[in-house]
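Down below is the structure, laid out as C-alpha coordinates.
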Amino acid sequence: MNRRLEKDIDAFLDMYPIFLLVQETENTKTFDGKIDIIDINGNYWDSYDVRIKIPIAKYPNIIPEVYEISKKIERERDWHIAADGACCLDITHQLLLLKNKGIDLISFYQNKIYPFFANHQYKLKTGNYANGDYPHEFDGVKYFYAENLKLNNKDLIIKILKQITTKKLPKKEAVCICGESKFKHCHLSTVTKLILFGQHQLKLDLALFELDTNEKK
(Lines give C-alpha, C1' and ligand atoms only; values in the text may rest on other atoms or scores of the structure.)
Protein backbone atom coordinates (compact mmCIF):
# COMPACT_ATOMS: atom_id res chain seq x y z
CA MET A 1 0.00 0.00 0.00
CA ASN A 2 1.21 3.49 -0.88
CA ARG A 3 0.63 5.30 2.42
CA ARG A 4 1.37 8.72 0.96
CA LEU A 5 -1.28 8.15 -1.71
CA GLU A 6 -3.86 6.92 0.80
CA LYS A 7 -3.25 9.97 2.99
CA ASP A 8 -3.53 12.37 0.04
CA ILE A 9 -6.69 10.68 -1.26
CA ASP A 10 -8.33 10.91 2.17
CA ALA A 11 -7.49 14.61 2.35
CA PHE A 12 -8.74 15.16 -1.23
CA LEU A 13 -12.05 13.39 -0.58
CA ASP A 14 -12.54 15.33 2.66
CA MET A 15 -12.16 18.56 0.70
CA TYR A 16 -14.06 17.39 -2.41
CA PRO A 17 -16.59 14.77 -1.22
CA ILE A 18 -18.43 14.93 -4.57
CA PHE A 19 -15.68 12.67 -5.96
CA LEU A 20 -16.17 8.94 -5.43
CA LEU A 21 -13.93 5.94 -5.97
CA VAL A 22 -15.50 4.05 -8.89
CA GLN A 23 -12.75 1.56 -9.75
CA GLU A 24 -9.63 0.20 -8.13
CA THR A 25 -7.13 -2.11 -9.78
CA GLU A 26 -3.65 -3.24 -8.83
CA ASN A 27 -2.22 -0.26 -10.70
CA THR A 28 -4.81 2.52 -10.64
CA LYS A 29 -7.47 4.21 -8.54
CA THR A 30 -10.24 5.92 -10.53
CA PHE A 31 -12.49 8.66 -9.17
CA ASP A 32 -15.55 10.23 -10.79
CA GLY A 33 -16.97 13.55 -9.72
CA LYS A 34 -18.40 16.88 -10.75
CA ILE A 35 -16.58 20.20 -11.01
CA ASP A 36 -18.68 23.35 -10.60
CA ILE A 37 -17.15 26.46 -12.12
CA ILE A 38 -17.73 29.55 -9.98
CA ASP A 39 -16.31 32.97 -10.84
CA ILE A 40 -14.62 35.34 -8.37
CA ASN A 41 -17.99 37.02 -7.67
CA GLY A 42 -19.62 33.74 -6.69
CA ASN A 43 -21.57 33.35 -9.92
CA TYR A 44 -22.14 29.79 -11.17
CA TRP A 45 -21.01 29.24 -14.77
CA ASP A 46 -21.34 25.51 -15.49
CA SER A 47 -20.44 22.01 -14.32
CA TYR A 48 -18.40 19.17 -15.78
CA ASP A 49 -18.40 15.44 -15.07
CA VAL A 50 -14.78 14.47 -14.59
CA ARG A 51 -12.83 11.21 -14.20
CA ILE A 52 -9.42 11.17 -12.51
CA LYS A 53 -7.19 8.10 -12.82
CA ILE A 54 -4.31 7.95 -10.35
CA PRO A 55 -1.41 5.49 -10.84
CA ILE A 56 -0.64 3.84 -7.51
CA ALA A 57 2.89 2.46 -7.49
CA LYS A 58 5.02 5.55 -8.12
CA TYR A 59 2.88 8.19 -6.42
CA PRO A 60 3.67 11.05 -5.85
CA ASN A 61 5.96 10.95 -8.92
CA ILE A 62 3.06 10.60 -11.34
CA ILE A 63 0.66 12.72 -13.38
CA PRO A 64 -3.01 11.74 -12.99
CA GLU A 65 -4.99 11.11 -16.15
CA VAL A 66 -7.98 13.46 -16.32
CA TYR A 67 -11.02 12.91 -18.55
CA GLU A 68 -14.01 15.14 -19.27
CA ILE A 69 -16.86 12.61 -19.43
CA SER A 70 -19.88 14.93 -19.71
CA LYS A 71 -18.86 15.69 -23.34
CA LYS A 72 -19.41 19.42 -22.94
CA ILE A 73 -16.01 20.22 -24.43
CA GLU A 74 -15.80 19.86 -28.19
CA ARG A 75 -13.28 17.16 -29.08
CA GLU A 76 -10.72 19.13 -31.05
CA ARG A 77 -7.11 20.21 -30.48
CA ASP A 78 -7.90 23.89 -29.92
CA TRP A 79 -9.67 22.87 -26.71
CA HIS A 80 -6.70 20.77 -25.55
CA ILE A 81 -8.72 17.57 -25.37
CA ALA A 82 -8.51 14.18 -27.09
CA ALA A 83 -11.32 12.22 -28.74
CA ASP A 84 -11.66 10.01 -25.63
CA GLY A 85 -11.98 13.07 -23.37
CA ALA A 86 -8.40 13.00 -22.07
CA CYS A 87 -7.46 16.53 -21.06
CA CYS A 88 -4.13 18.13 -21.92
CA LEU A 89 -3.56 20.05 -18.69
CA ASP A 90 -0.25 21.67 -19.67
CA ILE A 91 2.77 21.38 -21.94
CA THR A 92 4.29 17.90 -21.55
CA HIS A 93 7.58 19.23 -20.21
CA GLN A 94 5.88 21.24 -17.46
CA LEU A 95 4.02 18.11 -16.38
CA LEU A 96 7.25 16.11 -16.41
CA LEU A 97 8.83 18.63 -14.05
CA LEU A 98 5.88 18.20 -11.70
CA LYS A 99 6.15 14.44 -11.98
CA ASN A 100 9.86 14.47 -11.16
CA LYS A 101 9.30 16.76 -8.19
CA GLY A 102 6.30 14.79 -6.92
CA ILE A 103 2.73 16.03 -6.78
CA ASP A 104 0.28 16.71 -4.00
CA LEU A 105 -3.19 15.60 -5.12
CA ILE A 106 -5.07 18.62 -3.76
CA SER A 107 -2.55 21.09 -5.19
CA PHE A 108 -2.62 19.31 -8.55
CA TYR A 109 -6.40 19.55 -8.60
CA GLN A 110 -6.39 23.23 -7.66
CA ASN A 111 -3.52 24.28 -9.95
CA LYS A 112 -4.07 22.07 -12.99
CA ILE A 113 -7.43 20.29 -13.09
CA TYR A 114 -9.88 22.97 -11.95
CA PRO A 115 -8.19 25.75 -14.00
CA PHE A 116 -8.46 23.60 -17.13
CA PHE A 117 -12.25 23.54 -16.89
CA ALA A 118 -12.54 27.12 -15.65
CA ASN A 119 -10.49 28.18 -18.67
CA HIS A 120 -12.90 26.38 -20.98
CA GLN A 121 -15.76 28.44 -19.61
CA TYR A 122 -13.70 31.62 -19.78
CA LYS A 123 -12.86 31.02 -23.44
CA LEU A 124 -16.48 30.25 -24.28
CA LYS A 125 -17.49 33.59 -22.79
CA THR A 126 -14.58 35.78 -23.92
CA GLY A 127 -13.03 34.01 -26.90
CA ASN A 128 -9.65 33.70 -25.14
CA TYR A 129 -8.03 31.71 -22.36
CA ALA A 130 -7.58 33.64 -19.10
CA ASN A 131 -3.78 33.41 -19.09
CA GLY A 132 -3.28 32.97 -22.80
CA ASP A 133 -3.11 29.76 -24.80
CA TYR A 134 -0.12 27.46 -25.08
CA PRO A 135 0.95 25.88 -28.39
CA HIS A 136 0.18 22.30 -29.41
CA GLU A 137 2.46 19.34 -30.16
CA PHE A 138 5.92 20.29 -31.53
CA ASP A 139 5.08 24.00 -31.36
CA GLY A 140 4.62 23.45 -27.63
CA VAL A 141 8.04 21.82 -27.39
CA LYS A 142 9.69 24.75 -29.21
CA TYR A 143 7.80 27.17 -26.98
CA PHE A 144 9.05 25.45 -23.83
CA TYR A 145 12.66 25.41 -25.00
CA ALA A 146 12.48 29.10 -25.90
CA GLU A 147 10.58 30.37 -22.87
CA ASN A 148 11.89 28.14 -20.10
CA LEU A 149 15.37 27.24 -21.30
CA LYS A 150 16.14 30.32 -23.41
CA LEU A 151 17.08 28.09 -26.35
CA ASN A 152 15.95 29.38 -29.73
CA ASN A 153 18.69 28.13 -32.03
CA LYS A 154 17.57 24.73 -33.38
CA ASP A 155 21.08 23.69 -34.42
CA LEU A 156 22.35 24.35 -30.90
CA ILE A 157 19.37 22.51 -29.38
CA ILE A 158 20.11 19.48 -31.55
CA LYS A 159 23.79 19.58 -30.62
CA ILE A 160 22.98 19.80 -26.89
CA LEU A 161 20.41 17.00 -27.05
CA LYS A 162 22.78 14.76 -28.98
CA GLN A 163 25.52 15.19 -26.39
CA ILE A 164 23.12 14.53 -23.50
CA THR A 165 21.53 11.45 -25.07
CA THR A 166 24.90 9.96 -26.10
CA LYS A 167 26.40 10.92 -22.72
CA LYS A 168 29.27 12.80 -24.33
CA LEU A 169 29.05 16.06 -22.42
CA PRO A 170 32.15 18.22 -22.01
CA LYS A 171 33.95 18.59 -18.69
CA LYS A 172 33.05 21.68 -16.66
CA GLU A 173 36.34 23.38 -17.53
CA ALA A 174 36.13 22.48 -21.22
CA VAL A 175 34.70 24.64 -23.99
CA CYS A 176 30.91 24.72 -23.95
CA ILE A 177 28.80 22.87 -26.49
CA CYS A 178 28.04 26.20 -28.13
CA GLY A 179 31.78 26.93 -28.45
CA GLU A 180 31.68 30.32 -26.75
CA SER A 181 33.14 29.89 -23.26
CA LYS A 182 33.74 27.35 -20.51
CA PHE A 183 30.90 24.83 -20.13
CA LYS A 184 30.43 25.60 -16.42
CA HIS A 185 29.87 29.29 -17.14
CA CYS A 186 27.66 28.76 -20.18
CA HIS A 187 25.13 25.99 -20.89
CA LEU A 188 25.84 23.68 -17.95
CA SER A 189 22.80 24.94 -16.02
CA THR A 190 20.61 24.43 -19.09
CA VAL A 191 21.91 20.90 -19.57
CA THR A 192 21.28 20.17 -15.88
CA LYS A 193 17.64 21.20 -16.32
CA LEU A 194 17.25 19.14 -19.48
CA ILE A 195 18.61 15.99 -17.85
CA LEU A 196 15.65 16.08 -15.44
CA PHE A 197 13.32 15.15 -18.30
CA GLY A 198 15.01 11.78 -18.79
CA GLN A 199 16.55 10.08 -21.79
CA HIS A 200 13.24 8.95 -23.26
CA GLN A 201 11.75 12.45 -23.52
CA LEU A 202 15.00 14.01 -24.70
CA LYS A 203 15.35 11.46 -27.49
CA LEU A 204 11.79 12.29 -28.58
CA ASP A 205 12.63 16.00 -28.54
CA LEU A 206 15.80 15.39 -30.54
CA ALA A 207 13.90 13.43 -33.17
CA LEU A 208 11.34 16.24 -33.50
CA PHE A 209 13.95 18.99 -33.85
CA GLU A 210 15.92 16.95 -36.39
CA LEU A 211 12.80 16.19 -38.41
CA ASP A 212 11.78 19.84 -38.41
CA THR A 213 15.26 20.92 -39.50
CA ASN A 214 15.44 18.33 -42.30
CA GLU A 215 12.00 19.26 -43.62
CA LYS A 216 13.06 22.90 -43.97
CA LYS A 217 16.28 22.15 -45.89
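Structure data summary
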quantity: Per-residue HN-Hα couplings for segment 176-188 [Karplus 6.51, -1.76, 1.60; θ = phi - 60°; Hz; x = Gly/Pro]; calculated: 5, 4, 7, x, 9, 7, 5, 4, 5, 9, 10, 9, 4
quantity: Long-range amide H partners of ASP46 with built H, under 5 Å; calculated: ILE37
quantity: Label-point separation in nm, ILE38 to ASN153, each point 7 Å along Cα→Cβ; calculated: 5.3 nm
quantity: For the chain: accessible area per residue (Å², 1.4 Å); calculated: 59 Å²
quantity: Inter-probe distance in nm under a simple model that places probes 7 Å from Cα toward Cβ, at ASP133 and ARG4; calculated: 3.6 nm
quantity: Segment 158-194: trypsin sites (Lys or Arg not before Pro) falling in loop per DSSP and having at most 13 other Cβ within 10 Å; calculated: LYS167, LYS168, LYS171, LYS172
quantity: D_trans [Stokes-Einstein, Kirkwood Rh over alpha-carbon pairs] for segment 28-78, 25 °C, 0.890 mPa s, µm² s⁻¹; calculated: 191 µm²/s
quantity: For TRP79, solvent-accessible area (1.4 Å; no DNA, RNA or ligand), Å²; calculated: 40 Å²
quantity: Karplus (6.51, -1.76, 1.60) ³J(HN,Hα), θ = phi - 60°, over segment 17-31, in Hz, Gly and Pro reported as x; calculated: x, 6, 8, 10, 6, 10, 7, 9, 10, 5, 10, 9, 10, 10, 10
quantity: Rounded accessible area of HIS200 (nearest 10 Å², 1.4 Å probe); calculated: 140 Å²
quantity: Residues whose placed amide H lies under 5 Å from that of ILE81, excluding near-sequence neighbours; calculated: GLU76, CYS88
quantity: Calculated over the chain: convex hull of Cα atoms, volume per residue (Å³); calculated: 164 Å³
quantity: Carbon plus sulfur fraction of accessible area for the chain, probe 1.4 Å, in percent; calculated: 50 percent
quantity: Karplus 3J(HN,Hα) series, Hz, for segment 136-142 with 6.51 cos²θ - 1.76 cosθ + 1.60 (x for Gly, Pro); calculated: 9, 6, 5, 4, x, 5, 4
quantity: R0 of 45 Å, Cβ-Cβ distance LYS216-GLU74: FRET efficiency to nearest 0.05; calculated: 0.90
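The values are calculated or read from the model by the stated rules, or taken from the named source; none is laboratory data. Nothing here was measured: the structure is a model prediction, and the numbers come from that model. No Cβ is skipped: glycine too gets one built from the backbone with ideal geometry, and neighbour counts run over all protein chains shown. Quick note on the areas: whole protein, heavy atoms, side chains included, nothing else; ligands and nucleic acids left out. Shrake-Rupley method; radii C 1.70, N 1.55, O 1.52, S 1.80 Å.
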